[in-house]
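To keep things clear, I will list the structure first and then write my remarks on it.
Please treat every number below as a calculation from the coordinates, not as lab data. No experiment lies behind these values; they were computed from the predicted model shown. Please note: Cβ atoms are built from the backbone with ideal geometry, for glycine as well, and neighbour counts cover all protein chains shown.
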There are 2 protein chains.
Amino acid sequence: MANPVPRSALAALKLAAGSGNWSDDAAVLAPRLVDWRGKFHGASPLLLLPRDTATTAAIVRAAAEHGVPLVPQGGNTGLVGGGIPPADASAVLVSMARMDRIRAIDPAGLVLTAEAGVILENVHNAAREVDCEFPLSLGAKGSATIGGLVSTNAGGVQVLRHGTMRALVAGIEAVLPDGQVLHQLTGLAKDNSGYDIKQLLIGGEGTLGIVTAAALRLVPAPAFRAIGWAGVPGPQAALALLARLRRASGGQVESFELIPDIGLQLVLRHLPGHRAPLGGRHPWHVLVELAGPASLDALLADCLADAAAAGDVVDAVVAASVAQAAALWRIREELPEAERREGPAVHHDIAVPVAAMPGFTLAATARVETEFPGARVIAFGHLGDGNLHFNVRAREGETDPRWIGDRAAAISALVHDLVTAAGGSISAEHGIGVLKRAELARLGDPAKLSAIRAIKAALDPQGLMNPGKMI
Amino acid sequence: MANPVPRSALAALKLAAGSGNWSDDAAVLAPRLVDWRGKFHGASPLLLLPRDTATTAAIVRAAAEHGVPLVPQGGNTGLVGGGIPPADASAVLVSMARMDRIRAIDPAGLVLTAEAGVILENVHNAAREVDCEFPLSLGAKGSATIGGLVSTNAGGVQVLRHGTMRALVAGIEAVLPDGQVLHQLTGLAKDNSGYDIKQLLIGGEGTLGIVTAAALRLVPAPAFRAIGWAGVPGPQAALALLARLRRASGGQVESFELIPDIGLQLVLRHLPGHRAPLGGRHPWHVLVELAGPASLDALLADCLADAAAAGDVVDAVVAASVAQAAALWRIREELPEAERREGPAVHHDIAVPVAAMPGFTLAATARVETEFPGARVIAFGHLGDGNLHFNVRAREGETDPRWIGDRAAAISALVHDLVTAAGGSISAEHGIGVLKRAELARLGDPAKLSAIRAIKAALDPQGLMNPGKMI
């Protein structure tokens with residue numbers, strides 16, 4: 001196949017990156033051309049590895065001059081194919097992995113400034129060294145990088161209290177499609193001087209430029225954590241428990257995860273070293289974590305007792321040790337793996353308004369299981385954020401992946417229709433990328449879609465930044 | 001003067017607004033053509049008063065069709081002329097005052113949905129009725145409306161804990177310049193489906209469309225408040241006290257205001273009913289408020305004692321009653337009025353990175369007082385946000401407003417230069433409007449400015465939305 005990127009353009013890009021900062025070795029490129037789950041496969045003639053912002057800007061300017069599309073890539077932990085280049089080798093890959101410096105930590109101002117290639121876990125460690133915390137974490141923390149987390153507006157298990165990346169990004173530095181550097185890194189809490197352009201780069205999936213650094217908000221590390229597990233009659237009772245905890249704790253509820261009994265049973269069935277946190281069986285479970293400067297165990301126990309008296313909790317336990325707390329969290333963290341071992345499923349990362357979530361969960365489950373007889377829904381996730389991982393599994397005992405595969409598109413269309421009708425989002429956390437591009441075009445708010453297209457055309461008139469993603 | 005808006009266009013706009021929803025009576029228009037401080041004067045042939053979103057959209061479509069500029073106006077409490085039409089009567093005024101319904105309150109989901117014309121105080125009251133709080137307040141709360149607060153990304157005294165409007169707006173509904181309605185009102189905590197367009201309307205100063213409603217985040221009403229006043233050696237010590245309080249309280253510091261002694265002295269001199277909170281004189285003062293579900297008085301007293309032992313506090317008091325707390329707050333709230341009575345001044349609403357703020361405050365004060373002998377700086381405000389009201393007063397005893405008036409432009413240019421050099425913002429809270437348009441063009445980040453201009457041209461190609469403001 002002829003290389004769609006002209007040789008002269010590749011030469012210009014290599015020159016812009018500088019000696020030692022590029023590779024066209026197929027073996028070096030290969031692991032970056034497929035996502036970690038093996039679902040998206042791309043091709044590219046060249047990998048660029050800039051070490052600083054000026055080089056990144058030079059690369060973008062050269063690409064603009066020669067009309068070469070660029071695909072920025074972080075830790076390659078995405079779930080929607082957003083960081084994988086097109087399969088026709090028409091784009092050049094730009095890995096931000098070598099921009100991996102933590103530029104500054106300001107414990108008094110509670111701001112840490114990290115380059116795009118810094119791995120999330122290294123941010124956690126750096127914050128901990130000054131007795132602070134960067135309150136965003138997710139399963140891929142050992143690989144995911146700041147640039148990717150910003151560009152996808154990542155979430156995780158602490159969003160309830162601290163928000164998504166959008167709330168935690170005090171400033172960014174980025175190279176815009178014309179090669180200009182956006183200098184908005186000073187981390188001002190207040191700045192009303194024109195449109196807040198950085199908000200477009202946050203969650204922009206690399207389609208409006210390349211994030212090179214971010215100023216991240218820290219919080220003082222909480223001295224105490226209280227972790228509990230409750231068996232509840234249903235999602236509505238869980239929501240009532242959440243409201244009770246929020247009010248009693250003054251906003252110190254850090255996580256509130258809803259898990260159906262089928263989820264707990266899959267963990268117990270497929271993975272070693274787990275035991276049921278409570279004695280009896282309960283239709284739904286809640287894992288809750290509070291964090292603050294003083295012990296919250298008694299407050300959590302009191303709230304659970306009061307909720308039990310109100311009928312919102314059937315049975316509950318407060319972790320008495322760090323080990324017990326870790327065991328409770330491990331059930332939630334390993335639920336996706338237990339699900340995988342059970343067999344194939346269609347995954348959905350959706351959000352609905354919090355108040356509508358209990359009703360939606362029950363109604364959507366019933367609708368899917370009726371329209372696709374045998375299919376089993378496992379809906380779990382971040383109740384307080386209105387964010388569910390709404391997964392639809394093959395019928396019990398089915399091992400042929402085609403059973404679910406043949407139905408996947410129809411199931412997803414139904415789930416996304418129901419979500420849209422409920423005023424929700426077809427992508428709560430993971431973004432659009434390649435995976436949900438058609439669904440966004442089908443179901444997105446028309447006014448929002450036309451504004452998105454107008455902005456993309458205005459800032460990236462050649463359409464060179466991460467082509468084929470999102471829009 | 002010939003009316004610059006053609007009669008046929010005015011007729012079309014009246015038709016779009018509907019009978020009873022417009023006025024061309026000069027007496028009705030007059031109070032809306034000047035800001036409350038009397039600094040900006042405009043003219044307009046027509047006032048439109050839509051009662052709902054569909055009518056607002058019809059107005060915008062008619063304006064687009066006939067090429068008529070529109071100026072949206074809320075409570076007319078702005079400080080930068082953003083809601084006043086141009087003086088040449090070339091634009092039509094659109095007041096959102098009649099869209100004043102609170103559409104929904106969801107205490108479990110902690111979201112309140114209000115139309116653009118709802119007055120802030122009415123949102124406070126509605127939230128309180130369900131034992132919640134909308135944690136944004138400012139002096140103009142009895143007049144300022146939600147649409148204006150969103151469009152200017154308003155701040156206030158609780159930003160430290162809860163953020164500006166941007167952090168408190170979970171969703172918006174708005175009419176875009178082409179007349180399409182942006183439906184993003186469901187208040188999702190997580191939604192990664194394309195660029196977050198609403199972020200451009202927040203703080204967009206009406207230049208990208210008209211906000212018609214917003215979904216606002218509530219918090220459970222805190223049961224206890226602790227208010228204290230401390231005399232401190234300087235801004236650096238104040239910052240150390242803030243860090244101590246934040247850590248000890250687990251993020252329950254709601255306000256932290258820095259006041260120089262000259263500010264306190266002006267209040268005592270010009271306004272009745274005040275007394276100095278502490279016995280001795282101190283160069284700087286701090287007013288602090290904590291809020292939470294349990295009493296925080298002891299925690300505040302302990303922190304102040306520990307800070308005194310560390311040399312960061314010289315003397316301090318914790319309010320023992322609601323009346324005493326109110327008296328302390330009144331000093332801060334009436335400081336601007338005391339300043340006005342002292343005589344004319346040049347005002348600046350600036351922000352610098354928090355960690356840089358103590359050094360900036362002292363250095364910028366010295367620089368201004370050196371370059372303009374006799375001028376006196378009063379810098380006070382929201383230390384934890386890095387946001388200062390940096391006001392420069394005429395020399396002691398000077399009553400002729402020309403003394404400061406002749407120097408105002410040069411003083412502001414110097415202050416803005418110093419702020420820009422420190423990585424700060426020339427408009428922390430108030431916005432750009434007409435007042436700071438030239439300074440933004442002079443000092444703004446070039447990449448940001450070109451992105452702003454490209455987005456404005458893309459979404460409002462005729463330049464009809466709030467012309468002459470911001471850009």
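Taking 0.36 nm per residue of separation and subtracting the Cα-Cα distance, full extension of the segment from residue B:39 to residue B:297 would add 88.6 nm.
How big, in percent, is the set of alpha carbon pairs in the protein assembly as shown lying more than 58 Å apart?
Numbers: 38223 of 443211 pairs.
Percent of Cα pairs beyond 58 Å in the protein assembly as shown: 9.
Of the residues B:338, B:366, B:212, the one whose Cα sits farthest toward the positive end of the charge dipole of chain B, with +1 on the Cβ of Lys and Arg and -1 on the Cβ of Asp and Glu, is B:212.
Using packing as a proxy for protection, rank B:263-276, B:352-365, B:312-325 so that the peptide with the highest average count of other Cβ atoms within 10 Å comes first. Intermediate results must be reported in sequence, preceding the final value.
Details: B:263-276: 15.4, B:352-365: 21.0, B:312-325: 17.0.
Ranking the peptides B:263-276, B:352-365, B:312-325 by packing returns B:352-365, B:312-325, B:263-276.
Local charge for residue B:159 was computed over the other residues whose Cβ lies under 12 Å away, with Lys and Arg +1 and Asp and Glu -1, and equals -2.
In debye, nearest 20, what is the charge dipole magnitude of region B:345-429 about its Cα centre with +1 on Lys and Arg Cβ and -1 on Asp and Glu Cβ, if you could check? Please report the intermediate quantities before stating the final value.
On the way: 6 positive and 10 negative charges, 24 e Å.
That gives a dipole near 120 debye.
Computed from Cα atoms, the angle from the helix A:322-333 axis to the main principal axis of chain A rounds to 70 degrees.
Placing unit charges on C-beta atoms (Lys and Arg positive, Asp and Glu negative, everything else neutral), compute the dipole magnitude of the protein assembly as shown about its Cα centre in debye, rounded to 20.
In debye, rounded to 20, the protein assembly as shown gives about 1000.
Here the simple spin-label model places points 7 Å from the Cα toward Cβ, and for residue A:27 and residue B:453 these points are separated by 5.1 nm.
Residue by residue through A:177-188, how many Cβ atoms from other chains fall within 10 Å of the Cβ on average?
On the way: counts 1, 4, 1, 7, 3, 6, 5, 4, 2, 9, 5, 12.
So the per-residue partner count for this stretch is 5.
Copy-to-copy label distances for residue A:18, where each label lies 7 Å from Cα along Cα-to-Cβ, are 6.3 nm in order of increasing length.
Counting from the shortest, the label point at residue A:272, 7 Å from Cα toward Cβ, is 8.4 nm from the same position in each remaining copy. Filter A:456/B:456; A:198/A:456; B:141/B:190 down to the pairs with a C-alpha to C-alpha distance above 19 Å, please. Distance filter (> 19 Å) returns B:141/B:190.
Available extension along the chain between residue A:442 and residue A:8 is 152.3 nm, counting 0.36 nm per residue and deducting the alpha carbon span. Suppose R0 equals 25 Å. What FRET efficiency, 1/(1 + (r/R0)^6) with r the Cβ-Cβ distance, do residue A:87 and residue A:408 give to the nearest 0.05? The formula returns an efficiency of 0.75 here. The residue among A:124, A:231, A:418 whose Cα reaches farthest toward the positive pole of the charge dipole of chain A, with charges on the beta-carbon of Lys, Arg, Asp and Glu, is A:418.
Over chain B, dividing the summed -39,500 (n - 2.57) contributions of all DSSP H runs of at least 4 residues by the number of residues returns a 222 nm mean residue ellipticity of -10500 deg cm²/dmol.
Cross-link reach is defined here as a Cα-Cα straight distance under 20 Å, omitting same-chain residues fewer than 8 places apart; for residue A:39 the lysines meeting it are A:436, A:469. Among rounded, prolate and oblate, which fits region B:102-220 when a ≥ b ≥ c are the square roots of the eigenvalues of its C-alpha gyration tensor, a/c under 1.5 means rounded, and a/b larger than b/c means prolate? Prolate, because a/c is 1.5 or more and a/b exceeds b/c. Remark: chain A projects, on average over all directions, an area of 23.1 nm² (convex hull of Cα atoms).
Can you tell me the dipole magnitude for region B:119-261 around its Cα centre, using point charges on the Cβ only (Lys, Arg +1; Asp, Glu -1), in Debye to the nearest 20?
Values: 11 positive and 12 negative charges, 103 e Å.
Approximately 500 debye in magnitude.
For region B:194-249 versus region B:144-179, the spacing of their alpha-carbon centroids is 12 Å. DSSP bridge analysis restricted to the protein assembly as shown gives an antiparallel fraction near 90%, rounded to the nearest 5. To the nearest ten degrees, helix A:357-371 and the longest principal axis of the Cα atoms of chain A are 80 degrees apart.
DSSP assigns beta bridges within chain A; of those with both partners inside it, close to 90 percent run antiparallel. Taking every alpha-carbon pair under 8 Å whose residues sit at least 6 apart, chain A reaches a relative contact order of 15 percent.
Once a ≥ b ≥ c are taken as the square roots of the eigenvalues of the Cα gyration tensor of region B:48-100, is the result rounded (a/c under 1.5), prolate (a/b larger than b/c) or oblate (a/b not larger than b/c)?
On the way: a/c = 2.86, a/b = 1.13, b/c = 2.53.
Oblate, because a/c is 1.5 or more while a/b does not exceed b/c.
What the Cβ-Cβ distance of residue B:281 and residue A:322 gives, at R0 = 60 Å and to the nearest 0.05, is a FRET efficiency of 0.75.
Listed by chain and number, the aspartates and glutamates placed with their C-alpha closer than 16 angstrom to that of residue A:448 are A:439, B:173, B:178, B:191, B:196, B:460; residues fewer than eight positions away on the same chain are left out. For chain A, the longest principal axis of the C-alpha atoms and the axis of helix A:408-421 are separated by about 80°. For region B:160-241, the mean projected area of the C-alpha convex hull, equal to one quarter of the hull surface, is 8.7 nm².
Taking a ≥ b ≥ c as the square roots of the eigenvalues of the Cα gyration tensor of region B:23-119, is the shape rounded (a/c under 1.5), prolate (a/b larger than b/c) or oblate? Oblate, since a/c reaches 1.5 and b/c is not below a/b.
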